[in-house]
Amino acid sequence: MNNFEPKIVGFLCNWCSYAGADKAGTAQSIYPPNVNIIKVMCSGRVDPQFIMKAFEKGADGVIILACHPGDCHYKEGNFRAIQRHQLLLKLLGQLGIEKERCRFDYVSAGESERFVLIIKDMVSIIKELGPIKRSS
């Protein structure tokens with residue numbers, strides 16, 4: 001399992017988190033390449049079905065990155081995303097998927113270092129958990 005490289009899907013809001021990731025790229029920050037980023041206009045638009053589909057298609061982990069509370073371009077989208085994430089964690093638990101595999105966090109446009117730290121942390125956690133045990 002030492003060679004295990006997790007596949008992680010990241011849903012990043014356009015206005016803050018994606019801009020933070022872009023800034024990390026522009027700064028040539030070094031972080032693991034394990035995350036496939038999907039830009040969404042708002043974290044509030046991330047449907048729980050998107051997360052379930054990511055796991056179904058082989059993701060070992062999912063990250064939802066939103067604007068900080070009070071900074072949402074759409075006023076309340078990130079609050080909706082928090083509520084959905086809490087419900088999603090319960091569902092994942094019932095399916096035998098560890099809650100650590102689905103992370104919700106905040107990254108603003110100016111927080112490229114925070115973005116890098118979150119990615120490194122998530123990759124480390126998923127490596128420790130190992131691949132999801134999938135039924136055939």
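Yes/no per residue for (1) surrounded by 15 or more Cβ atoms within 10 Å (Cβ to Cβ); (2) at pLDDT 95 or above; (3) of a type in the set (A, V, I, L, M, F, W, C); (4) on the phi > 0 side of the Ramachandran plot:
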{"residue": "43", "(1), (2), (3), (4)": "yes, yes, no, no"}
{"residue": "54", "(1), (2), (3), (4)": "yes, yes, yes, no"}
{"residue": "64", "(1), (2), (3), (4)": "yes, yes, yes, no"}
{"residue": "73", "(1), (2), (3), (4)": "no, no, no, no"}
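Here residue 69 clears all of (1) exposed (fewer than 14 other Cβ atoms within 10 Å of the Cβ); (2) at pLDDT 95 or above except the condition numbered (2). Flag: residue 118 does not match the condition of being in contact with a strand residue (DSSP E or B) (Cβ under 7 Å, 6 or more places away or on another chain), buried (at least 17 other Cβ atoms within 10 Å of the Cβ), in a strand (DSSP E or B) and not basic (Lys, Arg). Scanning region 1-16 for residues being surrounded by 15 or more Cβ atoms within 10 Å (Cβ to Cβ) and under 21 Å from residue 126 (Cα atoms) gives a total of 7. Evaluating residue 2 against the criteria (1) within 25 Å of residue 133 (Cβ to Cβ); (2) at pLDDT 95 or above leaves one unmet condition, (2).
Can we say residue 60 is surrounded by 14 or more Cβ atoms within 10 Å (Cβ to Cβ) and more than 21 Å from residue 130 (Cα to Cα)? Break it down into steps so the answer makes sense when it comes.
Numbers: surrounded by 14 or more Cβ atoms within 10 Å (Cβ to Cβ): yes; more than 21 Å from residue 130 (Cα to Cα): no.
Criteria not met by residue 60.
Look through region 75-87, keep the residues that are over 28 Å from residue 129 (Cβ atoms) and surrounded by fewer than 18 Cβ atoms within 10 Å (Cβ to Cβ), and return whichever of them is farthest from the chain's Cα centre (by Cα). For region 75-87, the residue satisfying everything is 75.
Has region 90-100 got at least one residue that is buried (at least 17 other Cβ atoms within 10 Å of the Cβ) and under 20 Å from residue 38 (Cα atoms)? Write out each step before concluding.
So the first thing to find is which residues in region 90-100 are buried (at least 17 other Cβ atoms within 10 Å of the Cβ), and the list is 92, 97.
Filter once more, keeping what is under 20 Å from residue 38 (Cα atoms): none.
No, region 90-100 has no match at all.
In the set (1) surrounded by 14 or more Cβ atoms within 10 Å (Cβ to Cβ); (2) assigned to a loop (DSSP other than H, G, I, E, B); (3) not small (Gly, Ala, Ser), residue 134 fails one condition alone, (1).
The values are calculated or read from the model by the stated rules, or taken from the named source; none is laboratory data. Since this is a predicted model, take the numbers as computed values, not measurements. A quick note on method: Cβ atoms are made from the backbone with ideal geometry, for glycine too, and the neighbour counts reach across all protein chains shown.
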